[in-house]
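Structure first, then comments.
The values are calculated or read from the model by the stated rules, or taken from the named source; none is laboratory data. Just so it is clear, the model here is predicted, and its values are computed rather than measured. Cβ atoms come from the backbone with ideal geometry, glycine included; neighbour counts cover every protein chain shown. The area values use the complete protein model at the heavy-atom level, side chains included, leaving out ligands, DNA and RNA. Shrake-Rupley method; radii C 1.70, N 1.55, O 1.52, S 1.80 Å.
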Amino acid sequence: MLTAKISIILPTFNMAFLLDEAIKSVMSQSYNNWELIIIDNYSSDNTDEILEKYSDNRITILKINNNGIIAKSRNAGMYRASGDWVAFLDSDDIWYPHRLEVMKDAIDKNEADIISTNELLVNKNTGFTKKLVYGKRSINNLYLSLLVYGNILSPSATLVKRSFINKNNIKFSENINFITAEDYDFWLLLAKHNARLISLDTIQGEYRIHNNNNSINNSLHRENVKNVIFNHIKKLEINKDKKNKLIDKVYSRLVLTDAKLNISSKKYISGFLLIFISIKRAPLFFIKRLILKILK
């Protein structure tokens, strides 16, 4: 007997060349108690032709003008959702056929507010693939782990209890300074309200890289990630000394990320200079992070 209903939020804009595969991956799920809410940002390609192919009564299509803010589309989908759980699927990603069944089994066996699986990164241009592992915290406190060590969740790989979202009035921020990092803010808000996270070590979908990706190797994305982090730190009710130490840790990690990007781009001098700055800003944190990386 089917129990938990899953609402799937799928925002799209001019992604017809991959959208059909995303929808088919939902239609082929072995678990059938779902609704799919597609939010189209008035695409100008052949998206309408793709959508007209599907007449399933579980599919709802909304048209909104989100002005380039995908958070508006996701929020519109969540507002229309009627399921017990909310799943997110980006229009350029796909799920494997048993993903929702695996998630449903986890719902039955665990007390959780967030359930995460892993993904396979697939570069559509080069064919490169890599396993992406999500939900692994560096420290037990989920909020601080997300804040200090970075994002560990992905929209297309995550399921959230709708009653938890509604109870705590959580939605995606429509702040233009969070664009492409609005999901990171969403996870932080869930964690700040003590959401219980269950991580399943199984690959159940593909995160696909292509020429139209918004956040891959993008300086705007990196800047907006910083905006999200420091917006949260600003609101923390802790003493000045603790806040400054937290800022040092975060700054050290962010600078180290920039160092890696520089080195991968063969900008070795600036890369190693940034590593030195990262160490100087928070030496003990740098060493601890290095040890964690080695152990992983």
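Near the amide H of F88, within less than 5 Å, lie the amide hydrogens of I9, T158, all on another chain or at least 5 residues away, with H placed in the peptide plane.
Between the amide H of E35 and those of I6, S7, I8, distances stay under 5 Å, these residues lying 5 or more places away or on another chain, with hydrogens modeled in the peptide plane.
Global size of region 99-235: 15.2, 44 Å for Rg and Dmax (C-alpha atoms, Rg to one decimal, Dmax whole). Rounded, prolate or oblate: which one fits region 168-278, using the alpha carbon gyration tensor with axes a ≥ b ≥ c (rounded when a/c is under 1.5, else prolate when a/b beats b/c, else oblate)? Verdict is oblate for region 168-278. Across every pair of non-identical alpha carbons in region 224-268, the mean reciprocal distance, once inverted, gives a Kirkwood radius of 11.7 Å. For the chain, the Kirkwood radius over C-alpha pairs fed into Stokes-Einstein at 20 °C and 1.002 mPa s yields D = 106 µm² per second. Springs between Cα atoms under 10 Å define the GNM used for the chain, and in it the highest mean-square fluctuation of L256, L284, L188 occurs at L284. Between L200 and S116, T117, the built amide H atoms are under 5 Å apart, and every one of these is 5 or more places off in sequence or on another chain. Translational D (Stokes-Einstein, µm²/s) of region 1-107 at 25 °C and 0.890 mPa s when Rh comes from the Kirkwood sum over C-alpha pairs? Reported coefficient: 177 µm²/s.
Per residue, the solvent-accessible area of the chain (1.4 Å probe, heavy atoms of protein chains only, all protein chains present) comes to 50 Å².
Sorting 137-148, 18-29, 241-252 by their mean Cβ neighbour count within 10 Å, with the most densely packed peptide first, gives 18-29, 137-148, 241-252. Looking at the chain alone, DSSP beta bridges between its own residues are antiparallel in about 35 percent of cases.
Please report the relative contact order for region 251-296, taking Cα pairs under 8 Å with a sequence separation of at least 6, and give it as a percent rounded to a whole number.
On the way: 35 pairs, mean separation 17.8, N = 46.
This gives 39 percent for region 251-296.
Only Cα pairs under 8 Å and 6+ residues apart enter the sum, and on that basis the relative contact order of the chain stands at 18 percent. Using a probe radius of 1.4 angstrom, the carbon and sulfur fraction of the accessible surface of the chain is 53%.
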